[in-house]
Amino acid sequence: MNTENLNDYLNQRVYCRETQSKLLSTLLFQKVAKSPCVILYGPKSTAKTVMLRHCFSYTRCKHAWIDTQECFTLELLLYRTLIQLGVEQNLAQKKGTHINSFCNVLSAHLSTLNEHTYIVLDRLDELPELNQHIFKVLVGLSEFSGQNNVSVIIVMNKHPNRLLGTASVPVVHFPQYTKDEILDICQHTAPSLDFVDRTGEQEFEDEIELSVWMQYCAFLWDVFGAQCLNDYVAFREILDYHWPKFVSPIVEGDVHPADYAQLHKLAKDSLVSDETITRRLHLVHSNQNQLSQIDLNLSCVAKFLLISAFLASYNPSHLDSQLFSKRSSGRKIRHRKTRVHGDGSFGKSEKSASARNASLSRLALGPKPFDLERLIAIYYAISEYQDMNLFAEVFTQVSNLCTLKMIVPTKDRCIRTLDAPRFKVNIPKEYAEAIALSLSLDLNNYLANNDSW
């Protein structure tokens, strides 16, 4: 395979990535020798996946493409890899779901192939069970399987130095796009620029049409560029959304394309408004409504644990004895203190500014981490299932909630005890209220600072 032709093909379809395309074509698609593993890393929306797609579209090489974000466990990742490579389903299910047996099954299958095979693990750093041992096995898959006709391509958003531990694997960095690069990509990927007014009688020169598009891109970058954080995908979405409104005066025959000042004046109100942000907020609200309407397919123990995690994340630990004590019949009602003014009138005591800021900051900063022992203590305080025989079931459900990412482990900067794992709840308050309602539990009775929600 001619790597120069592949390099030219990539440069014509993926812009501002000349160095990366040359490295990929040299490391992976030479006739003489191919690298057993290559790691691609960089922030999101930097053309890592797009460039690989074009590589395999041009070369037509045999490959297995695994989107790791869709694989919740390591077993599912290994199983899908074998299935895409052509291994029988029964064999992949029985012997291919463990990392050691996976290498044996892969070695036996690759020995029957006469062509080089590629395994692409896209977004591998999002695999929940990824650790240094698994990463080293996947990187050295050609060595562990004993076959030299396989190459592993790993795509990540972060640098793999924490997992790699060696400099023997080639790493290709995809940096974030700059403003000039994003505008250059927009110039090469302009939409249809055949401006014809509604009468169909007047057409315009290509240079004028392209000039309108580039000035439009530069104008929107000045408005939304800081919010997009050099993310080309987000910026291009804004461009495509406002473009029909921007060129509507040209299509209607009211403005000539060369009169950009008049176009800018007509489109300024709609472009500078918060329409894009409002549209995104509507999408967020619709997703939250769908979340509150989904079927809560969890066991009762898991629901009580999830409520306990929510309370542990949003309540201060020093109020646990007051909120969850068996001796108290409920929450204590705190009355406002009144004070007597100098004229003899009564008034409410005013909170200091620091107290108001402290109350608001605890809610604004989101859920706080908590210990596992505190979670179990709150669970036994509010749960109806307090049989000690279910103690093992409690830990099983905690593990299941972590797998579903409803409870996520945290890594504190400070060093705590080694045997005290800490977690944080990962659900909104509306979802917690829906779960509490299914348990006939009033969530607000166990929340501190209820008036601040």
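Brief remarks follow.
- Any chance residue 104 is surrounded by 15 or more Cβ atoms within 10 Å (Cβ to Cβ) and in a helix (DSSP H, G or I): yes
- One residue stands out in the stretch 33-59 among those that are small (Gly, Ala, Ser) and not in a helix (DSSP H, G or I): the one that is surrounded by the most Cβ atoms within 10 Å (Cβ to Cβ), namely 47.
- Flag for residue 77 being surrounded by 21 or more Cβ atoms within 10 Å (Cβ to Cβ) and hydrophobic (A, V, I, L, M, F, W, C): yes
- Of all residues assigned to the stretch 258-273, at least one qualifies as being at pLDDT 75 or above, charged (D, E, K, R) and either outside the structural domain of residue 428 (by TED's automatic domain parsing) or in a loop (DSSP other than H, G, I, E, B) (or both).
- Inclusion of residue 137 among residues that are touching a residue at least 60 places away in the same chain (Cβ under 8 Å) and either within 30 Å of the chain's Cα centre (by Cα) or in a strand (DSSP E or B) (or both) is not warranted.
- Candidates 187, 147 - the one that is more than 30 Å from residue 255 (Cα to Cα) and of a type in the set (S, T, N, Q): 147
- Residue under evaluation residue 83, criteria (1) within 21 Å of residue 114 (Cβ to Cβ); (2) touching a Lys or Arg at 6+ places or on another chain (Cβ under 9 Å), criterion not met: (2)
- Residue count for the stretch 190-241, restricted to those that are modelled with pLDDT of 70 or more and over 26 Å from the mean Cα position of the chain (by Cα): 17.
- Within the stretch 226-253, residues that are loosely packed, with under 13 Cβ neighbours inside 10 Å reach partners that are hydroxyl-bearing (Ser, Thr, Tyr) with beta carbons closer than 6 Å, at six or more positions or on different chains, in the pairs 233/45.
- Qualifying residues in the stretch 409-427 (those that are modelled with pLDDT of 85 or more and over 14 Å from residue 305 (Cα atoms)) - the one farthest from the chain's Cα centre (by Cα): 422
Residue-by-condition table, conditions (1) in contact with a strand residue (DSSP E or B) (Cβ under 6 Å, 6 or more places away or on another chain); (2) at pLDDT 90 or above:
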position: 100; (1), (2): no, no
position: 119; (1), (2): yes, yes
position: 128; (1), (2): no, no
position: 134; (1), (2): no, yes
position: 139; (1), (2): yes, yes
position: 155; (1), (2): yes, yes
position: 159; (1), (2): yes, no
position: 163; (1), (2): no, no
position: 175; (1), (2): no, yes
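- Subset of the stretch 150-168 that is in contact with a helix residue (DSSP H, G or I) (Cβ under 6 Å, 6 or more places away or on another chain) and more than 17 Å from residue 66 (Cα to Cα) - its residue that is surrounded by the fewest Cβ atoms within 10 Å (Cβ to Cβ): 158
- Consider the stretch 1-32 and keep the residues that are charged (D, E, K, R) and under 19 Å from residue 171 (Cα atoms). The one that is surrounded by the fewest Cβ atoms within 10 Å (Cβ to Cβ) is 18.
- The stretch 18-40 residues that are closer than 13 Å to residue 119 by Cβ and touching a residue at least 12 places away in the same chain (Cβ under 8 Å), paired with ones that are basic (Lys, Arg) and buried (at least 17 other Cβ atoms within 10 Å of the Cβ) (beta carbon under 8 Å, 6 or more apart): 28/34
- Of the residues making up the stretch 64-95, those that are under 28 Å from the mean Cα position of the chain (by Cα) and among the small types (Gly, Ala, Ser) number 1.
- Qualifying residue in the stretch 347-365 (condition: under 20 Å from residue 310 (Cβ atoms) and either at pLDDT 60 or above or assigned to a strand (DSSP E or B) (or both)): yes
The values are calculated or read from the model by the stated rules, or taken from the named source; none is laboratory data. Computed from a prediction, not measured in an experiment: that's the story for all the values here. So basically every Cβ, Gly included, is an ideal-geometry build from the backbone, and we count neighbours across all protein chains shown.
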